[in-house]
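Peer 1: First the structure, then my questions, so here it is.
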Amino acid sequence: VVVLVTPLIFSWYRRSTVAWTPERILEGACVAVLMIAAAHTVFTAAGSPYEPYALKFLVVPLVIWVAFRFGQREVITAAFAICLYSVWEAFGLGAPGSLGANQTLLILVTFNSTVAITGLVLSAILNERGRNMPALRESRDQLESRVHERTMELQRTNRGLQLDIASRMRTEKLLLESEERFRQMVATVVDYAIFMLDTEGRVASWNAGAARIKRYSAEEIIGRHFSCFYPRADVDSGKPWRHLEVASVEGRVEDEG
């Protein structure tokens with residue numbers, strides 16, 4: 001009584017959570033008819049060569065169907081109806097079986113407990129799942145929204161990087177073209193000796209004016225240290241290296257000799 005009647009009262013006291021559309025009403029009617037037919041069949045089975053008590057549990061799948069397709073009120077009502085039918089069959093209409101009264105009562109209690117607990121537990125789990133589904137869907141929507149925002153942000157960042165890379169490539173191309181024009185311009189100057197040094201003081205470039213004034217060809221001088229342009233006394237005193245150090249610190253150096 002406690003397992004069945006108390007949940008039945010509370011379930012009918014609260015409003016049903018099932019939206020009774022025409023399709024749902026038709027399905028409920030079909031389930032009710034099947035449940036009545038199944039209960040009548042299994043509870044009135046007699047004359048079999050075996051005791052038909054295990055056959056009575058075939059109504060449990062119908063309770064499970066109600067639990068999955070309807071609400072908590074409907075599954076408790078279905079379980080209560082089946083258990084009431086089994087009690088009526090055992091003590092009212094049913095013919096006495098080969099088992100004693102105690103064994104019949106034990107089987108009846110086992111059957112009713114199985115139907116009631118299965119329906120209650122399953123409906124509670126499904127009801128809890130139904131309450132949690134909106135929160136899960138909201139969490140899913142929030143996650144999809146954040147993923148979409150991050151994706152858009154990454155796409156904007158990617159476009160910015162592509163534009164920056166393209167701008168850098170254009171700038172580098174312009175610098176290379178400018179350096180090439182400057183190199184060609186310097187290489188054609190014949191009135192001035194213009195050449196470049198690396199940070200260690202080795203000759204890196206050599207123009208036509210340097211070849212005419214310094215009397216070195218490009219093959220002879222490129223790669224040699226610029227101290228070869230200084231007299232021996234200046235080289236021994238370390239003057240070329242001092243000039244190189246001043247140029248690296250101050251950006252320029254002047255000398256006459």
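Peer 1: Given the condition in a helix (DSSP H, G or I), surrounded by 10 or more Cβ atoms within 10 Å (Cβ to Cβ) and touching an Asp or Glu at 6+ places or on another chain (Cβ under 8 Å), answer yes or no: does some residue in region 125-144 qualify?
Peer 2: No: zero hits.
Peer 1: Looking at region 81-93, can you tell me whether even one residue there is open to solvent by 50 Å² or more (accessible area, probe 1.4 Å) and modelled with pLDDT under 65?
Peer 2: Checking region 81-93: at least one residue is open to solvent by 50 Å² or more (accessible area, probe 1.4 Å) and modelled with pLDDT under 65.
Peer 1: Out of all the residues in region 198-245, which are of a type in the set (A, V, I, L, M, F, W, C), over 25 Å from Arg183 (Cα atoms) and free of Cβ contacts under 8 Å to residues at least 12 places away in the same chain? I'd like the intermediate steps shown before the answer.
Peer 2: From region 198-245, those of a type in the set (A, V, I, L, M, F, W, C) are 203-204, 206, 208, 210-211, 213, 218, 221-222, 226, 228-229, 233, 235, 241, 244; that's our starting set.
Then drop every residue that is not over 25 Å from Arg183 (Cα atoms), which leaves 233, 235, 241.
Of everything in region 198-245, those that are of a type in the set (A, V, I, L, M, F, W, C), over 25 Å from Arg183 (Cα atoms) and free of Cβ contacts under 8 Å to residues at least 12 places away in the same chain turn out to be Ala233, Val235.
The values are calculated or read from the model by the stated rules, or taken from the named source; none is laboratory data. All figures in this text were calculated on a predicted structure; none of them were measured in a lab. In this analysis, Cβ positions are derived from the backbone assuming ideal geometry, glycine residues included, and neighbour counts consider all displayed protein chains. What goes into the accessible areas is simple: the full protein's heavy atoms, side chains included, and nothing from ligands, DNA or RNA. Shrake-Rupley method; radii C 1.70, N 1.55, O 1.52, S 1.80 Å.
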